[in-house]
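What follows is one structure encoded as structure tokens, with my remarks underneath.
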Amino acid sequence: MRPVEQAVRESFGRLVAILASRGRDLAAAEDALADAVLAALERWPADGVPDRPEAWLVAVARRRLADRFRRSKTDAALEGSLAILAELSIDEPADGAAFPDERLRLLFVCAHPAIEETIRAPLMLQTVLGLDAARIAAAFLVPASTMGQRLVRAKAKIRDAGVPFAIPEASELPERVQSVLEAIYAAFGSGWDDIAIDGPDRAGSLAEEAIWLGRVLTRLMPDEPEALGLLALMLHSEARRSARRDASGRYVPFSEQETSLWQAAMIAEAEATLRRAAAMHRPGRFQLEAAIQSAQVGARLTGSPGPDVIALLHEALWARAPRIGVAVARAVAVADATGAEAGLALLEELPGDHVAGYQPYHAARADLLARAGRAEEAFAAFSTAIALTGDGAVRDHLADRQRRLLS
Amino acid sequence: MQYAILFYETDKEFATRDHTEEGAAYWGAWRSYIDEISASGIVRGGAGLLGPETATTIRLADGRKHVQDGPFAAAKEQLAGFFLIEVPDIDAALAWAAKAPCAPIGVEVRPTLPGM
């Protein structure tokens with residue numbers, strides 16, 4: 001990323017958070033900021049860049065919000081406009097001081113329980129990082145117009161329902177932090193999650209942007225070990241990105257990846273981040289997931305820890321986060337430690353209606369059946385997994401393995 | 001901001017209202033909630049409602065009144081009462097909604113249309 005883009009990205013969320021914090025109108029804040037940036041592009045080349053560019057942008061954006069207030073005459077718009085007017089009276093920071101960083105409040109707004117769960121990640125990417133709806137839509141595999149409408153609706157809900165730009169009370173904080181972490185992880189793309197079976201490599205992945213959000217969160221909440229855990233998890237996964245495909249674009253599963261293609265510096269950062277989290281002695285789901293990644297990477301690089309330790313970590317994660325993806329990963333880890341049949345027994349326990357359309361389940365089951373020498377059943381399971389796989393490279397890989405059963 | 005908090009109950013709770021013994025516990029729980037929310041000074045209006053069997057629904061079609069016995073939508077949970085409250089944001093409204101005796105069934109929180 002170029003320095004200018006970095007600066008803009010860093011500023012965008014900060015300024016939107018400031019402009020929207022009283023009126024709660026994210027769309028109006030974004031529009032006003034966009035107008036201010038346009039004005040800057042016209043004025044700065046001629047007049048020179050002002051001493052405090054952010055203050056200049058905020059001042060211009062607030063004038064735009066005031067214009068909007070004067071234009072809105074209807075009763076229905078009055079209440080929102082009064083809030084916008086209140087926005088205009090926020091004191092400027094003293095000369096030389098930076099605006100306070102209100103992005104944490106913005107993250108809590110985007111992940112508020114009143115906001116529909118699947119739109120939280122897109123909302124964060126747009127309001128905190130300034131990503132456009134088309135790019136977000138591509139990553140989430142929905143039409144741009146659909147994503148645009150859903151974002152507009154979510155912002156209207158925030159404004160009209162009165163979602164506060166506030167840090168939640170202590171009693172609600174753990175749950176609310178969890179929602180923020182989950183939304184960031186959703187932005188990262190659970191498709192990258194190769195704890196169980198590598199998922200599809202999504203076009204237009206937002207992994208880098210999600211890592212950016214993760215870094216922002218660890219700066220804003222330095223004492224939250226799960227934020228560090230999430231960052232470590234994302235860094236570990238991202239470090240192996242280029243090893244997931246070979247030169248001809250074919251999918252390479254974790255156990256066969258060229259470890260020299262793994263990014264050592266990123267793995268080291270992930271490990272250091274996870275150590276910082278562990279030192280706080282408050283374990284959680286994301287720290288455990290990162291620890292599993294760390295152990296699996298360690299096992300490939302140095303042969304330690306062994307599969308039994310990795311299986312234990314999966315047990316601990318399962319106890320804390322009993323969800324379907326974790327269950328499948330745990331079954332594979334148990335198979336690695338004690339044999340394919342033991343893993344298959346765990347898969348059998350999962351309720352059929354939960355797993356029927358879940359690709360990782362069928363891919364894992366096919367793999368374990370093949371390892372157990374149950375070729376006929378494995379063949380059928382591979383067929384089911386292939387039918388459920390969206391990613392062409394992964395489909396080819398599964399088809400390869402299915403063919404090998406016949407030889 | 002002003003919110004309506006809408007309380008929903010099932011046949012069971014509506015029936016309990018007239019019941020001598022269980023009715024006492026039902027009304028006791030509502031009474032202490034109503035006292036608490038009224039004492040907080042946020043209430044702008046509200047009412048408890050008689051059961052859905054007392055509801056009548058009217059629809060105008062082609063200028064003609066179609067009157068029907070029963071509530072607007074046939075559902076297991078029916079509107080049992082509401083408060084109009086004035087609080088700073090949705091978190092405060094949700095906190096009051098969560099305290100209602102019928103919270104295990106469901107309470108809907110909606111901002112009111114401004115300027116009415």
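The values are calculated or read from the model by the stated rules, or taken from the named source; none is laboratory data. On a predicted model such as this, the values are computed, not experimentally measured, just so you know. Ideal geometry is used to build each Cβ from the backbone, glycine not excepted, and the neighbour counts take in all protein chains shown. For accessibility, only protein heavy atoms count, side chains too; no ligands or nucleic acids. Shrake-Rupley method; radii C 1.70, N 1.55, O 1.52, S 1.80 Å.
Structure notes:
- Test: residue B:93 is within 14 Å of chain A (Cβ to nearest Cβ) and buried (at least 18 other Cβ atoms within 10 Å of the Cβ): yes
- Residue list for the range B:53-87, restricted to those being within 22 Å of residue B:3 (Cβ to Cβ) and open to solvent by 90 Å² or more (accessible area, probe 1.4 Å): B:72
- Condition check for residue A:178: among the polar types (S, T, N, Q), open to solvent by 10 Å² or more (accessible area, probe 1.4 Å), away from chain B (no Cβ under 14 Å) and under 17 Å from the mean Cα position of the chain (by Cα): yes
- Enumeration of residues in the range A:161-170 that are surrounded by fewer than 19 Cβ atoms within 10 Å (Cβ to Cβ) and either assigned to a helix (DSSP H, G or I) or more than 10 Å from chain B (Cβ to nearest Cβ) (or both): A:167, A:170
- Only one entry of A:142, A:128 meets the criterion of being away from chain B (no Cβ under 14 Å) and closer than 20 Å to residue A:10 by Cβ, and that entry is A:128.
- Looking at A:396, A:353, just one residue is in contact (Cβ under 8 Å) with a residue 40 or more places away in the chain and among the acidic types (Asp, Glu), and that residue is A:396.
- For the range A:343-366, the criterion of a residue being of a type in the set (Asp, Glu) and under 29 Å from residue A:249 (Cα atoms) is satisfied by no position.
- Of the residues making up the range B:96-116, just one is away from chain A (no Cβ under 14 Å), small (Gly, Ala, Ser) and free of Cβ contacts under 8 Å to residues at least 60 places away in the same chain, namely B:103.
- Unique residue being within 14 Å of chain B (Cβ to nearest Cβ), at pLDDT 90 or above and either within 15 Å of residue A:26 (Cβ to Cβ) or open to solvent by less than 70 Å² (accessible area, probe 1.4 Å) (or both) when the list is A:114, A:61: A:114
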